[in-house]
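The values are calculated or read from the model by the stated rules, or taken from the named source; none is laboratory data. This structure is a prediction, so every number in the text was calculated from the model and none was measured. Positions of Cβ are backbone-derived with ideal geometry, glycine not excepted, and every protein chain shown enters the neighbour counts. Ligands, DNA and RNA are excluded from the accessible area calculation, which covers all protein heavy atoms including side chains. Shrake-Rupley method; radii C 1.70, N 1.55, O 1.52, S 1.80 Å.
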Amino acid sequence: MTRNTRLTLAMILVVILVVLGLMTLNRNTAPSAVSDTGEAVDPAVLVRDDSHRLSTAADGRVTLVEFLDFECESCAAAYPAIKEILATYQDRITFVVRYFPIPSHPNAELAARAAQAAANQDRFAEMYTLLFENQDAWGHQRTAQTETFVGYARTLGLDLDRFQRDLDDPATAARVARDRADGESAGVQGTPTFFLNGRQLTQVRTQGDLVAAIDAALAG
Amino acid sequence: MTATLNRRPDTAPDTGFLARVTAWVLAIGGGVGLLAAATLTVEKINLLSDADYVPTCSINPILSCGSVMTTPQAAAFGVPNPLLGIAGFAAVTTIGVVLLAGVRLPRWFWLGLQAGATFGVLFVHWLIYQSLYVISALCPYCMVVWVVTIAIFLYTTLHNLRQIPPSSPLARLAGIAGYHSVVLVAWYAVILAAILHRFWDYWSTLL
């Protein structure tokens, strides 16, 4: 074997080992709180300090967490129900939104970043509303809907330069990816997935089911 | 006077292992690049004729031709980049096959290839930068082009470095040729590291 061959093979080996090492390291540090069949998930994974709350319970007893994808149709279908529930319960429940963009939705990740960029200017709730109420207009488009989202930022009167900068900032993408990673470790497989006080709601089909579950939690 | 001294540098025998490798890199690299460029051209035509067409290489938000192909960077010189690729890689393939046939090409010809390969490799690195940091998506066929363009440039350059007369102060550079595949792997490793670093959050969610 020539010196060149030896060095080449050594280098390939080093690259493979480094990548594998980083992956293992990453896997070990990721919080693991996989739940199956209604087992409680570590609340620290479901609700992070930087997670977005659309309402906060005064007594902190009932927390509803939704992992959602702004481009998913069932999430948009659940949106009016959530809106009504928030109006009804107000400060009796904490409602937390976590990003869980599905890779097959071309603009889901970008939409999540747009929401995060708005959140950086304290307008998460407004962007969340705009994204769901206009999903028909931007959803399932093959091209990047950056212009549309910047348009929403303009509507909200955000600092557009900052919005654009935050949209492209790798830190924003990382923030979205962290939510997704938490969802995965909590056992989320699709969207929307709800957790009520740490337990995944697997039997909820209608708004009535969701209301009944919340009422039970408030009573219990 | 020995035969060695009579030889002009541009016709120096280059029939060793590295010369064969260079010929194969040009022939196969050119061929693979040609296939990738042709596929991208077909995908571009499909996209143009049907706005809802989803390219075969749009796998997820990161690995996606569709989002890359529709950017201004995809037609950097006014014509779609893959058209440049079809012309360039066809020529490189031909040159590789000619070399495999045992034809000895004159120095000016090699320098012409060097000019083309240098343009190609600079263009490809601009595209890598755009893809990673501006577009934020990777297009698999484009990455095939990155891989072969770098190899073609490296082996063409090493060939030309080996032709530098020993009297020239630059002649020592030809020594790099002895470590050709080390240079190639190191080059790829840097780009791989940049890709992993840029999209680490995404890759890690796939685990």
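The number of residues in the range A:35-60 that are surrounded by 13 or more Cβ atoms within 10 Å (Cβ to Cβ), farther than 22 Å from A:Asn120 by Cα and out of contact with any Ser or Thr (no Cβ under 9 Å at 6 or more places or on another chain) comes to 2. So is B:Gly120 within 16 Å of B:Val32 (Cβ to Cβ), part of a helix (DSSP H, G or I) and not β-branched (Val, Ile, Thr) or not? Spelling it out, B:Gly120 is indeed within 16 Å of B:Val32 (Cβ to Cβ), part of a helix (DSSP H, G or I) and not β-branched (Val, Ile, Thr).
Candidates A:Arg162, A:Arg113, A:Arg123: the one that is among the charged types (D, E, K, R) and either surrounded by 24 or more Cβ atoms within 10 Å (Cβ to Cβ) or in contact (Cβ under 8 Å) with a residue 60 or more places away in the chain (or both) is A:Arg113. Examine the range A:82-91 for a residue that is more than 14 Å from chain B (Cβ to nearest Cβ) and either under 26 Å from B:Ile59 (Cα atoms) or part of a loop (DSSP other than H, G, I, E, B) (or both), and state whether such a residue exists. The answer is no, given that none of the residues of the range A:82-91 is more than 14 Å from chain B (Cβ to nearest Cβ) and either under 26 Å from B:Ile59 (Cα atoms) or part of a loop (DSSP other than H, G, I, E, B) (or both). Counting only residues that are facing another protein chain (nearest Cβ under 10 Å) and at pLDDT 80 or above, which one in the range B:64-83 is nearest to B:Arg198 (Cα to Cα)? Only one residue fits best here, namely B:Thr71. Just so you know, in the range B:35-58 the residues that are surrounded by 15 or more Cβ atoms within 10 Å (Cβ to Cβ) and of a type in the set (Val, Ile, Thr) include one that is nearest to the other protein chains (Cβ to nearest Cβ), and it is B:Val54.
Annotation note: Cβ proximity below 8 Å between a residue of the range B:71-97 that is farther than 17 Å from B:Val124 by Cβ and β-branched (Val, Ile, Thr) and a residue that is open to solvent by 50 Å² or more (accessible area, probe 1.4 Å) and assigned to a loop (DSSP other than H, G, I, E, B) (sequence gap 6+ or interchain) occurs for no pair.
If you go through the range A:99-110 and keep only what is assigned to a loop (DSSP other than H, G, I, E, B) and in contact (Cβ under 8 Å) with a residue 60 or more places away in the chain, you end up with A:Phe100, A:Pro101, A:Ile102. Here A:Ala217 passes the criteria (1) among the small types (Gly, Ala, Ser); (2) touching a strand residue (DSSP E or B) at 6+ places or on another chain (Cβ under 7 Å); (3) modelled with pLDDT of 90 or more except the one numbered (3).
As for the range B:88-106, it holds no residue that is over 30 Å from B:Gln163 (Cα atoms) and open to solvent by 20 Å² or more (accessible area, probe 1.4 Å).
Of A:Leu160, A:Leu167, all but one fail to be within 26 Å of B:Pro55 (Cα to Cα) and not hydroxyl-bearing (Ser, Thr, Tyr); the exception is A:Leu167. For the range B:142-179, a residue qualifies if it is open to solvent by 20 Å² or more (accessible area, probe 1.4 Å) and either within 14 Å of chain A (Cβ to nearest Cβ) or among the small types (Gly, Ala, Ser) (or both), and the qualifying residues are B:Ser167, B:Ser168, B:Ala171, B:Ala174, B:Gly175, B:Ile176, B:Gly178, B:Tyr179.
Residues that are in a loop (DSSP other than H, G, I, E, B) and touching a residue at least 60 places away in the same chain (Cβ under 8 Å) within the range A:185-204 comprise A:Ala186, A:Gly187, A:Val188, A:Gly190, A:Thr191, A:Pro192, A:Asn197, A:Gly198, A:Thr202, listed in sequence order.
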